[in-house]
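Report on one structure; see the data block that follows.
The values are calculated or read from the model by the stated rules, or taken from the named source; none is laboratory data. Only a predicted model underlies this, so the values are computations on that prediction, with no experimental measurement involved. Cβ placement follows ideal geometry from the backbone for every residue including glycine, while neighbour counts extend to all protein chains displayed. In case anyone asks, the SASA skips ligands and DNA or RNA and just uses the protein heavy atoms, side chains included. Shrake-Rupley method; radii C 1.70, N 1.55, O 1.52, S 1.80 Å.
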Amino acid sequence: TRRSSDLEVLAMRDVPQPPKYHAEGDVWVHTKRVLDAVQDYIPNDELLLAALFHDSGKPATIRHNKKGQWCFYGHEKVSIKLADIVLKRLAAGPRAYYIVSWLIDKHMQMHMFTEMRKFKREILLKDKRFPSLLLLYRADCLGSICGETGKPDTGYKKIEEIYRKYIS
């Protein structure tokens, strides 16, 4: 028998995404590509769980915007709730929830990181979870195929450069 959380993960199948940002296919295809990419880092359990659940809220939040394009406003909040179900079932402690929920919550902010005001960027950069967030964002970019170029998003490179300067 399938657990409810298994069904939530499988619910990502056949959920369309805007080809401009996700030419690789539906949410499930993207998630599998993110999981493949994140494994290059020798990830910890929290990073793997965040990668698995970062877009799991998309099936519940899919809408068309005013331009008729697919959008998923607030999907990260729903994704946190779905990840929490699994973390509780796994009897994961508060540390796991603290890390996984933060990574999922912040993953969309990374798309605007370079445009953020310096003080807001520094709040993220100072957080001890930021290196994992950067890895999740890198995997998210590599798991996405840009419809315009046919290549993975490389937005993470500029943020990696900013982070290297910050820690040096």
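Using C-alpha pairs below 8 Å separated by at least 6 residues, the relative contact order for segment 1-118 is 22 percent.
The HN-Hα couplings worked out from phi for segment 17-29 by the Karplus form 6.51 cos²θ - 1.76 cosθ + 1.60 (θ = phi - 60°) are 10, x, x, 4, 10, 9, 5, 5, x, 6, 4, 5, 4 Hz, whole numbers, x standing for Gly and Pro. Normalised by the number of residues in segment 102-168, the mean separation of alpha-carbon contacts (under 8 Å, six or more apart) gives a relative contact order of 31 percent.
Could you quote the convex hull projected area for segment 36-96, Cα atoms only and averaged over all directions, in nm²? Don't skip to the answer; put the middle values down first.
Details: hull surface 20.5 nm².
Dividing the Cα hull surface by four gives the mean projection, 5.1 nm².
Computed over the chain, the alpha-carbon pair-distance distribution with 5 angstrom bins reads 1, 9, 17, 21, 22, 16, 9, 4, 1, 0, 0, each value a whole percent.
Annotation: amide H of I145 within the under-5 Å range of A23, E24, sequence separation 5 or more or interchain, hydrogens built in the peptide plane. On the chain, 54 percent of the accessible area sits on carbon and sulfur atoms, based on a 1.4 Å probe.
Stretched out fully, how many nm does the piece from Q39 to E161 gain, at 0.36 nm a residue minus the Cα gap?
41.8 nm
Just order 120-126, 51-57, 87-93 by mean Cβ neighbour count inside 10 Å, highest at the front, would you? Don't skip to the answer; put the middle values down first.
Values: 120-126: 14.6, 51-57: 26.7, 87-93: 12.9.
Top to bottom by mean Cβ count within 10 Å: 51-57, 120-126, 87-93.
On full extension, the segment bounded by L10 and K151 gains 48.2 nm, given 0.36 nm per residue less the C-alpha separation.
Taking only DSSP H segments of four or more residues, each worth -39500 (n - 2.57), what value at 222 nm results for the chain once the sum is divided by all its residues, to the nearest 500 deg cm²/dmol? Walk me through the numbers on the way to the answer.
On the way: 9 runs with 94 residues, N = 168.
Value at 222 nm, helices only: -16500 deg cm²/dmol.
Full extension of the chain segment joining K126 with T114 gains 2.8 nm, where the gain is 0.36 nm per residue of separation less the Cα-Cα distance.
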